[in-house]
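The values are calculated or read from the model by the stated rules, or taken from the named source; none is laboratory data. This one's a predicted model, so the numbers in the text were calculated from it and none came from an experiment. Because the Cβ atoms are built from the backbone with ideal geometry, glycine has one as well, and the counts that use them run over all protein chains shown. In case anyone asks, the SASA skips ligands and DNA or RNA and just uses the protein heavy atoms, side chains included. Shrake-Rupley method; radii C 1.70, N 1.55, O 1.52, S 1.80 Å.
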Amino acid sequence: MRSIYGWILVIIVAAAISFYAQLFLNPYLQQILLYIAINVLLATSLNLVNGFCGQFSLGHAGFMAIGAYTSAMVSLHFQPFVGSLEILNFPIYAIIGGSASALAGFFVGIPSLRLRGDYLAIVTLGFGEIIRVVLLNLNVVGGARGLYGLPGKTDFLSCFHAFFWAGMTVLLLWRLVHSSFGRAFLSVREDSIAAECMGINTTRVKVMAFVISSFFAGAAGSLFAHATNSLNPASFQFVKSVDVVIMVVLGGMGSITGSLLGVVLVTILPEALRPLQNYTHIDLRMVIYSLVLILMMILKPSGLLGSREWNQLLWWRRKGAA
Amino acid sequence: MLLKLENVSIQFGGLKVIESMNTSIAQGELVGLIGPNGAGKTTAFNLISGIYSPTQGEIILEGRSLKGLKAFEVARQGVIRTFQNIRLFSTLSVLDNILVSMHQRCDYGLASVFLKLPKFFRAEKKFQEEAIKLLKLFKLDHLKDHEAGSLPYGVQRKIEIVRALAGKPKLLLLDEPAAGMNHSETDELMNLIERIRKEFNLAILLIEHDMKLVMGISHRLIVLDHGEIIAQGTPSEIQNNPKVIEAYLGVEETA
Amino acid sequence: MQLDLLNLLKRFCNCIFYFVRALLPVVLLSGCVKNCSPKQRESFQSSPEILIGHFASMTGGEASFGQSTDKGIRLAVDAQNVEGGIKGKKIVILTEDNQGKPEEAAAVVKKLITQDGVIALLGEVASTRSLAAAPTAQKYQIPMVSPSSTNPRVTQVGDYIFRVCFIDPFQGPVMARFASHFLKLKKVAILKDLKSDYSLGLADFFKSKFISLGGEIVSEQSFQTGDTDFKGQLTRIRAADPEAIFIPAYYTEVGLIARQVRQLGIKAILMGGDGWDSPKLYEIGKDAVEGAYFSNHYSSESPSEVTQKFIKDYMAKYKEEPDGLAASGYDAALILMDAMKRAKDLDPKEIQVQLAQTKSFVGATGTITINNERNASKEAFIVQVHQKTHKFITQLGAEN
Amino acid sequence: MEELVQHIINGLNLGAIYALIALGYTMVYGVLQLINFAHSEVYMVGAFAAYYGALRFNLVEHPGWSSFFVTLVIAMVACSILGLCIERFAYRPMRNAPRINNLITAIGVSLFLQFSGQLVFGADPKVFPEVLHDSVLFSFGEIQIRIFDVTILGVALVAMGFLNYFIHKTKTGMAIRAVSFSFRSATLMGINVNAIIMITFVLGSSLAGIGAVLVGLKYPKIDPLMGMLIGLKAFVAAVLGGIGNLTGAVVGGLMMGLLEEMVVAYISSTYRDALAFGLLIFILLVKPSGLFGQTRVEKV
């Protein structure tokens, strides 16, 4: 019985946000809201690998690119539902994009999970760059010229669809992390040798984390493709992976609520700083963004919420965690 | 015969750390593994638990060879260990530490996790109850929500044993459980080990330097020196075995 | 599992609190941003200033292109404001940076239109970012004039999208005709920039035209924006022994390429497109670029006094010589303002109509007529690099 | 056949520059186990320091070996100062924070230097002053050896020779190696670890300064984002050779330069960057700690 509450809540919240967006926000802020939903998928899924499973991946933009381009190619040639039912196409595209990049996650995961810490970060970084260079050279996906004319509008339904995905990702990852699999991820993060001696197949656990996280990254890519109606390899550079890692680390590694907070801050900070430009006449946004990042790392290394979740923060549900 | 080691040996580079070890452990038997520092006791543990694979020889558990099995497959066969320097999952709660070892028996898949099917709730409840029962046995259930890393040393040692027990082992490997404990704690630990051996019908292989504890509860002793077994037998036989004394205390200088 | 109503209720409101807590900052920010700059459409007539949006990459990889265009635009607008603006209203340029990212360009244009309430848009240098922003401008029917995006598809997005520069299908063949008729070349190699759609477009159209004129492309190599070493590609081109090398790229890379061409002892003539036009080309290339030809919107030596006035004003204001992008920005602003002057009132629809009727407007980059595909049909100048100046060679119009 | 020799010369040239910068990454990683992403920006600032220095002391008027060395010194001093500031203000407070935080700080510093560089130096590319004239030294057939090729290889070899001597033969060098083996025990042995780390940063950064001047001469275009691509490639070279190992960085750099040249020459120039990363992944999967790195077995 209790299992449906989660889904009802996701639908309610997605509908609430979409109503709010349609009524009060101008299209620019609706676009930012869409980017927030997309970043929620990216950050929570990366948190599964970096935060809960202790493996450090710097190639999340590569998975997003695979999902974006696969679903874009499908949506250009194959529209099952037409007319008013058109909105139903997008979940299909998102799932196709997600599965394609989950497959990529499997093939990247198997070899690279023998590596540890910095080396895994480097291999995933290399993977992300290779994807971008391959996309640049593939003329069938438009190469440097990019891919245009993708379906998708920024209306109520697509906003609802994006936030439904965001809510679903948070719900599913929340449940995953609070299950026996979640404990397996955390044990691999804490001490993989001890975990192995307790009967945990650490390689399978790490690959599972990689595959699930790249599925949601692929879905985020598909949402991104249909939110901006065009794709270009320039959007999936190394800086994009770094942005997602920053959201996870700022929010707090190993805390889904932290990632949500990280997403909202990192997406809104550059936009909120835009008006500053009229006073200083030079564009200080990115300088301030990188300064905030450095100061955060020095003052609060464990991130805003550390590894605490929202229920641990509330006084009446204080879980005895010291 | 639960576990049999047939001339097992291992060498790192040129260094022969374990030299053709031949021994066996029966069901429900408590065997002490003693020897001076650097004799290869912990390496023997690592061999049995599958972290290292032997360069020669065979390890057989209940007739099945463990050759080529990874550490987690060995653990799933029922050989679970504790560590010389505590390797608990320090930022997790005590309860979660115990539940981790039960993951190998987790029968629900991702679907039931994502949709929270009844199977998920039933299994979780069963695990929780099992874990709390184990903790009650060790009188640690009041600490179940505390962070494992922030608890006192002696308590962490016990939690590591409970975590090993949660994996339903047939053979429990204890690596210096009483290290750093005072007399009263050691005695209490002795009774506890004896109790769990009987209650869970376990075979236990115990590495320990505290002779009072080892001699007290071991049925049989294996003495290891420079990677070779120099003596096997009951505690009383071992106490006055000349080779053992020589290994520990060294030979008097003949004039 | 007996139904524990209290526990259920508590869990339910926890979830609500959980999501509201995560969304609080969004509500706060949007609320404040919404009411601190409420620009509604109808207030165009009443607002004291004319707002023109300029979206450009002021930071990131192509920052220098965005900044030159911005300087050109501001030069034209400031001059107009000195003469009392348009219809008695001062013109204000709102420049927003898109860091060279296509998705940022889309978001920034939405901000300029729906939040700042601009009545016209100028931008973007690169076609990828123009193509990302054009659908939004078309949807809100705000005229958008691109100073230098040469990809043909940009203006096909809709009737509100204009440009003041020629397009690849025009510039590529112009250079090909020049190479085969004027220079009588038969064997040409191509070195193009893989990461820039401007370079790919120009290279393809040049290649098809040159082959149709009986020429032969002996070798086609590519590099990526930001590369510094081209010896590998050039050694392969040297093996193909071409008479000339066509390098459709920006001056930032061409200077280095030219030096390495001469270092490897390749004597071939160097040819290029409007991306070469900058004083820095000779500074970096030195004598390696001496005698190279490239097609351009204008020649700094061209006798037209609008061009000379532009160069003089630019030098006075910014203390440096203008490059082609600054000239295109200048003209884009001039044409837009000219259309605004002719328009009945400052409604974007009116401006769009007037823009479409721009006929033989004399700008810094030559006489521009907006044709029915809303592209600029104008002559392409072929210039030759001679020390710091770009000597005028000839003018080639459309295929007659 | 002559083509091959020409490609090898280009490859060695490119490789020498990659090696110089890779040494900077390896030294800092050896001592702090930190991937110093900001190193590519130190290289960029070195190039601009040389640019402004050469203009300030109008070295451009009388180019030659003397003004070349003065530019080198200017660049090395500027880079060392910047390296020290980065270590002091960004990395020292993070000394005992988890590894990922160090990495994020390094990325933050790199982004900060890139964007403030665009503000301070201006985004438009500048022309590196020609403090040394380039001409063909000797050439036989199609192959040409130019002054710059020789200078680059020469200066790079001298710098590496000095570094090798310093690390292996001097007391401070031994202290640096000690710190790289084990941070804590080095402190217990009375080594002033902070001083050693500062020296490592000075050495690494000045190598980057040398690399910047050499690149500035050969490819006289500098802009605030010039560090990104060459920094990433040098970093890949350092990991290739075994991060933390000096010889590894040099061999990795030379290999990277040669392979890139060969791919462009004989396969296709479009896949040049993909090669660099493909090679990296292949080596790491086969030998996780790189060619010369030693695998650190985790003791149970």
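Restricting the count to DSSP beta bridges whose residues both fall in chain C, what percent are antiparallel, rounded to a multiple of 5?
35 percent
Tell me which residues come under 5 Å, amide H to amide H, from C:A120 once H is placed; ignore anything under 5 positions away on its chain.
Under 5 Å from the amide H of C:A120: C:G53.
Would you work out which of C:G291, C:V157, B:H183 lies farthest towards the positive end of the dipole of the protein assembly as shown? Charges go on Cβ: Lys and Arg +1, Asp and Glu -1.
B:H183
May I ask you to list the aspartates and glutamates whose Cα is less than 13 Å away from that of C:K187, ignoring any residue fewer than eight positions away on the same chain?
Answer for C:K187, where 13 Å is the Cα cut-off: C:E216, C:E220, C:D241, C:E243, listed by chain and number.
Apply the Karplus parameterisation 6.51 cos²θ - 1.76 cosθ + 1.60, with θ equal to phi minus 60°, to every residue of region D:179-196 and state each ³J(HN,Hα) to the nearest whole Hz, in sequence, with x for glycine and proline.
Here the 3J(HN,Hα) series is 4, 6, 6, 8, 4, 5, 5, 4, 4, 5, 7, x, 7, 6, 4, 4, 4, 4 Hz.
Normalised by the residues of region D:161-300, what does the relative contact order come to in percent, with Cα pairs under 8 Å and at least six apart? If you can, show how the numbers build up before the last one.
Working: 103 pairs, mean separation 23.5, N = 140.
Over region D:161-300, the number comes to 17 percent.
Over region C:169-296, what lengths in whole Å, largest first, do the semi-axes of the equivalent ellipsoid take, defined as the square roots of 5 times the eigenvalues of the alpha-carbon gyration tensor?
The answer is 20, 16, 14 Å, longest axis first.
Run the 1.4 Å probe and let me know the accessible area of B:R64, rounded to the nearest 10 Å².
Roll a 1.4 Å probe over it and B:R64 shows about 110 Å².
With N denoting the number of residues in region C:127-186, provide Rg(C-alpha) divided by 2.2 N^0.38 Å, to two decimal places.
Its radius of gyration relative to the 2.2 N^0.38 Å reference: 1.43.
Please report, in whole Å, how far the alpha carbons of the protein assembly as shown spread along each principal axis, starting with the longest.
Extents along the principal axes: 115, 80, 52 Å.
Using modelled amide H (1.01 Å from N, peptide plane; none on Pro or chain starts), what sits under 5 Å from the amide H of A:T154, excluding residues fewer than 5 places away?
Close amide H contacts, sequence-distant or interchain: none at all.
Cα centroid distance between region D:230-300 and region C:200-223, in Å?
Going from one Cα centre to the other spans 36 Å.
Taking a 1.4 Å probe, which of D:R272, D:R177 shows the most accessible area, and what order do the others take after it?
D:R177, D:R272
Using only the Cα atoms of chain B, what do you get for the radius of gyration and for Dmax, in Å?
19.5, 81
For region A:101-118, just list the computed ³J(HN,Hα) in residue order, Karplus coefficients 6.51, -1.76 and 1.60, θ = phi - 60°, integers in Hz, with x standing in for Gly and Pro.
7, 5, 4, 4, x, 5, 6, 6, x, 3, x, 7, 7, 7, 8, 10, x, 4
Tell me, what is the per residue accessible area of chain B in Å², probe radius 1.4 Å?
The answer is 43 Å² per residue.
Taking a threshold of 30 Å on the Cα-Cα distance, which of the pairs C:K207/C:K286; C:K195/C:K349; B:K4/B:K198; C:K87/C:K309; C:K90/D:K221; B:K16/D:K171 fall above it? Mind dumping the intermediate values first?
Numbers: C:K207/C:K286 28 Å; C:K195/C:K349 36 Å; B:K4/B:K198 22 Å; C:K87/C:K309 24 Å; C:K90/D:K221 40 Å; B:K16/D:K171 36 Å.
Distance filter (> 30 Å) returns C:K195/C:K349; C:K90/D:K221; B:K16/D:K171.
How big is region C:112-226 by the Kirkwood estimate over distinct Cα pairs, in Å? Walk me through the intermediate numbers first.
Numbers: mean 1/r = 0.0644 Å⁻¹.
Final number for the Kirkwood radius of region C:112-226 is 15.5 Å.
At what distance in nm do the modelled label points of A:E86 and C:Q395 sit from each other, each positioned 7 Å from its Cα along Cα→Cβ?
Between A:E86 and C:Q395, the simple spin-label model gives 4.6 nm.
Excluding residues fewer than 8 places away in the same chain, name every one of the lysines whose C-alpha is closer than 17 Å to that of C:K312.
Excluding near neighbours in sequence, the set is C:K71, C:K388.
Compute the Kirkwood hydrodynamic radius of region C:271-400, taking the inverse of the mean of 1/r over all pairs of distinct Cα atoms, and give it in Å to one decimal.
Taking the inverse mean of 1/r over all distinct Cα pairs, region C:271-400 comes out at 15.7 Å.
Rounded to the nearest 5, what % of the DSSP beta bridges within region B:134-249 are antiparallel ones? Provide the component values of the computation, followed by the final result.
Numbers: 5 of 10 bridges.
Within region B:134-249, antiparallel bridges account for around 50 percent of the total.
Per residue of region C:311-325, what does 6.51 cos²θ - 1.76 cosθ + 1.60 with θ = phi - 60° give for ³J(HN,Hα)? Whole Hz please, x for Gly and Pro, Karplus curve as stated.
Rounded to whole hertz, the list is 5, 5, 4, 4, 4, 5, 7, 10, 6, 8, 6, x, 10, x, 5.
Determine, at each q value in 0.10 (inverse angstroms), the log₁₀ of I(q)/I(0) that the Debye formula gives when each Cα of region A:127-260 is one equal point scatterer.
After summing over all Cα pairs, the log10 values are -0.45.
Report the equivalent ellipsoid semi-axes for region A:1-60 in whole Å, largest first, defined as the square roots of five times the eigenvalues of the gyration tensor built from alpha carbon atoms.
That gives 27, 20, 5 Å for the three semi-axes.
Local charge sum around C:F178 (other residues, Cβ-Cβ under 11 Å, Lys/Arg +1, Asp/Glu -1)? Intermediate values should be presented prior to the final figure.
Numbers: positive: C:R177, C:K184, C:K209; negative: none.
Taking every other residue near C:F178 into account, the sum is +3.
What are the principal axis extents of the Cα atoms in chain C, in Å, biggest first?
87, 65, 39
Work the Kirkwood hydrodynamic radius out for region D:178-300: mean of 1/r over every pair of different alpha-carbon atoms, inverted, in Å.
Here the Kirkwood hydrodynamic radius works out to 16.6 Å.
Have a look at D:S139, D:S80, D:S180 and tell me which one the Gaussian network model of chain D (Cα, springs below 10 Å) gives the largest fluctuation.
Among D:S139, D:S80, D:S180, the largest GNM mean-square fluctuation belongs to D:S139.
How much of A:H77 can a 1.4 Å solvent probe reach, expressed as accessible area in Å² and rounded to 10?
Probe radius 1.4 Å; accessible area of A:H77 about 140 Å².
Using all Cα-Cα distances in region B:8-121, what percent lands in each 5 angstrom bin from 0 up to the longest?
2, 9, 15, 18, 17, 13, 10, 7, 4, 3, 1, 0
Restricting the calculation to Cα positions, tell me the Rg (one decimal) and the Dmax (whole number) of chain A in Å.
19.5, 61
What do you get for Rg/Rh over chain D if you use C-alpha atoms and the Kirkwood form of Rh?
On the Cα set of chain D, Rg over Rh gives 0.97.
Considering the dipole of region A:139-208 built from charges on the beta carbon (Lys and Arg +1, Asp and Glu -1) around the Cα centre, which of A:L173, A:M198, A:L157 is farthest to its positive end?
The Cα lying farthest towards the positive end belongs to A:L157.
Label 7 Å along Cα→Cβ of B:H183; region B:209-238 residues with amide nitrogen under 19 Å?
B:209-217
Taking only the C-alpha atoms, wrap a convex hull around region D:50-173 and report its volume per residue in Å³ as a whole number.
193 Å³
Dividing the alpha-carbon radius of gyration of region C:162-226 by 2.2 N^0.38 Å (N being the number of residues), what value is obtained? Let's see the in-between values first.
On the way: Rg = 12.2 Å, N = 65, 2.2 N^0.38 = 10.7 Å.
Rounded to two decimals, the normalised Rg is 1.14.
Order A:I66, A:I32 by their accessible area, 1.4 angstrom probe, all chains in place, largest first.
A:I66, A:I32
Specify, per residue and in Å³, the volume enclosed by the convex hull of the alpha carbon atoms belonging to region A:217-304. If you can, show how the numbers build up before the last one.
Numbers: hull volume 10.8 nm³, N = 88.
Here the figure is 123 Å³ per residue.
Could you tally the net charge around C:G265, taking each other residue with its Cβ under 9 Å from the Cβ of C:G265, Lys/Arg +1 and Asp/Glu -1? Let's see the in-between values first.
On the way: positive: C:R238, C:R262, C:K267; negative: D:E142.
Cβ neighbours under 9 Å give a net charge of +2.
What lysines sit close enough to B:K116 to cross-link, taking a C-alpha to C-alpha distance under 23 Å and skipping anything fewer than 8 places away on the same chain?
A:K206, A:K319, B:K125, B:K126, C:K10
Per DSSP H run of n ≥ 4, the term is -39500 (n - 2.57); total these for the protein assembly as shown, divide by its residue number, and report the mean residue ellipticity at 222 nm rounded to 500 deg cm²/dmol.
Value at 222 nm, helices only: -18000 deg cm²/dmol.
What figure in square angstrom, to the nearest 10, would you give for the accessible area of D:F128 with a 1.4 Å probe?
In the full protein context, D:F128 sits at about 10 Å².
Taking H as built 1.01 Å from N, whose amide H comes closer than 5 Å to the amide H of C:Q395, not counting residues under 5 places away?
Sorted by chain and number, the residues that satisfy this are C:I382.
Of all DSSP beta bridges in the protein assembly as shown, what percent run antiparallel (nearest 5)?
DSSP beta bridges in the protein assembly as shown are roughly 50 percent antiparallel.
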